[in-house]
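Beneath this line is the structure, given in structure tokens, with notes to follow.
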């Protein structure tokens, strides 16, 4: 049986009609949605714009120097370290992560026992050998950043956290070490400082401290 | 038979078919044994023995905790890592333990998993988003490099010419190590860096790069490398140039080869990372997450220890702290 032939023009109209209809249906009822991942409840955090030097200065002034944040008595810490470093770390120190160094925030007074190129050795009483060294050269490490436990760094990038350590070390060198320049052997000295002991080291512990506040009296 | 008469029969057949399907499904569910959640260990490369320890410890710890665990090797290729994530999202894994190929590039992969409600925990290699991950367990590379650099300064007597070989330039560990190192070494004006080049954390690449640097700078005192594989490659190049033993080579990682080389006096020092501690920590976190816990620290630093010829004998079991 012969089928009725559809004219060429009508055929194209039917195809165009189907196409338009398909586009309209897909537009009204899309089979999938493209959404940025930030729109599904998660967004990449931008770490740019953190004012690390300003934050370091505020932290220095409001926390590290402040007597409201108590430090341990230097003589007690030294005595405990000489007896049992692990116990001393547990009693007076603080750790920032898993393993590694223990940080100490100490205050104390004593006499300048000696001075060398690394710093000023203080006799805080009790121990036979001075085991407290206030650094006068470059300050390295994270003691000033991590010793109080008041900073929650877990939301910052590691680069910002490291930069904060550098800034705080710089403040120790520029603000606190200046007072040590006038120190002479035998002078009385009062100080507040932060330092670290490495538990992987088996050497006799010496408190190598980054000064925070120093008063020297001849 | 009229069309109206067929309608109830069709409905009855549809209901009967649905009931049959439900019954079959229930029967198969009750008959199938309970499958434990699966954990994916997506590792940046298995070409480096250090990462093999990291991956295998994570996998074994996950198995110990009762999960099926699979290692996916990204071969330091972000595209391969992306393909692994597509795969594991589609397969419905319960958690991902990730050592990323790219600090920025891997964020999208972690976000994809997060969007599919699959928690991601990074180990060793940081990605630049705390939103994309539940927790990042990382070596304190900066602090380790500071300790290493202080030993470097003391060993060289505060003066000398040195070369630095960087790792992958798009990896945060590369820059945290380099910045930690320079935060110390740059304070000593008589220590001069005569060349700084990337060797992609790769031993053979470090050999080539070091050979090329030695053509231009034969008179050096030390090489600081961003990992142990590069340190061993650099040492090989120095040996070939007749400078082995005279130039101090410093690595980072604490790989078995490097520790052995320090004991033999070939390398000067390295910084021991603890891949087993990191791997066990993230596997434990994933287990706790799957069991319902939701409060985890965004970042957990793992301490890094300096290894020199003074203390090398104490670091016998790579990846485990000597006191643990």
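Some points to look at:
- Among the criteria (1) assigned to a helix (DSSP H, G or I); (2) within 12 Å of chain A (Cβ to nearest Cβ); (3) surrounded by fewer than 24 Cβ atoms within 10 Å (Cβ to Cβ), the one residue B:296 does not fulfil is (1).
- Count of the stretch A:74-95 residues, restricted to those that are free of Cβ contacts under 8 Å to residues at least 40 places away in the same chain, under 21 Å from residue A:189 (Cα atoms) and in contact with a strand residue (DSSP E or B) (Cβ under 7 Å, 6 or more places away or on another chain), is 0.
- Helices (runs of 4 or more DSSP H) lying entirely in the stretch B:190-272 (those with 2 or more residues that are under 23 Å from residue B:158 (Cα atoms)): B:203-216, B:228-240
One line per residue, one yes/no per condition, for (1) closer than 30 Å to residue B:137 by Cα; (2) surrounded by fewer than 23 Cβ atoms within 10 Å (Cβ to Cβ):
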| residue | (1), (2) |
| --- | --- |
| A:73 | no, yes |
| A:91 | yes, yes |
| A:104 | yes, no |
| A:114 | no, yes |
| A:120 | no, no |
| A:135 | no, yes |
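- In the condition set (1) crowded, with 17+ Cβ neighbours inside 10 Å; (2) touching a strand residue (DSSP E or B) at 6+ places or on another chain (Cβ under 8 Å), residue B:172 is compliant with all but (2).
- Residue within the stretch B:87-97 that is free of Cβ contacts under 8 Å to residues at least 24 places away in the same chain and more than 16 Å from the chain's Cα centre (by Cα) present: yes
- Among residues of the stretch B:114-126 being at the interface with chain A (Cβ under 10 Å from one of its Cβ atoms) and in contact with a strand residue (DSSP E or B) (Cβ under 7 Å, 6 or more places away or on another chain), the one that is surrounded by the most Cβ atoms within 10 Å (Cβ to Cβ) is B:126.
- Residues within the stretch A:67-94 that are in contact with a helix residue (DSSP H, G or I) (Cβ under 8 Å, 6 or more places away or on another chain), part of a loop (DSSP other than H, G, I, E, B) and modelled with pLDDT under 90, tallied: 0
- Residue count, the stretch B:111-162 (criterion: under 30 Å from residue B:83 (Cα atoms) and without any contact (Cβ under 8 Å) to a residue 24 or more places away in the chain): 6
- The stretch A:155-183 - residue that is outside any helix (DSSP H, G or I) and touching a helix residue (DSSP H, G or I) at 6+ places or on another chain (Cβ under 9 Å) and, of those, farthest from the other protein chains (Cβ to nearest Cβ): A:156
- Positions within the stretch B:94-107 being surrounded by fewer than 24 Cβ atoms within 10 Å (Cβ to Cβ), more than 7 Å from chain A (Cβ to nearest Cβ) and closer than 21 Å to residue B:45 by Cα, in sequence order: B:102, B:103, B:104, B:105
- Considering residues of the stretch A:122-133 that are crowded, with 22+ Cβ neighbours inside 10 Å and not in a strand (DSSP E or B) only, the residue nearest to the other protein chains (Cβ to nearest Cβ): A:131
- Looking across the stretch B:141-158, the residues that are under 13 Å from residue B:248 (Cβ atoms) and more than 9 Å from chain A (Cβ to nearest Cβ) come down to B:148, B:151, B:152, B:153, B:154, B:155, B:156, B:157.
The values are calculated or read from the model by the stated rules, or taken from the named source; none is laboratory data. Predicted model only: the values in this text are computed from it and were never measured. Virtual Cβ from ideal backbone geometry, glycine too; neighbours counted across all protein chains shown.
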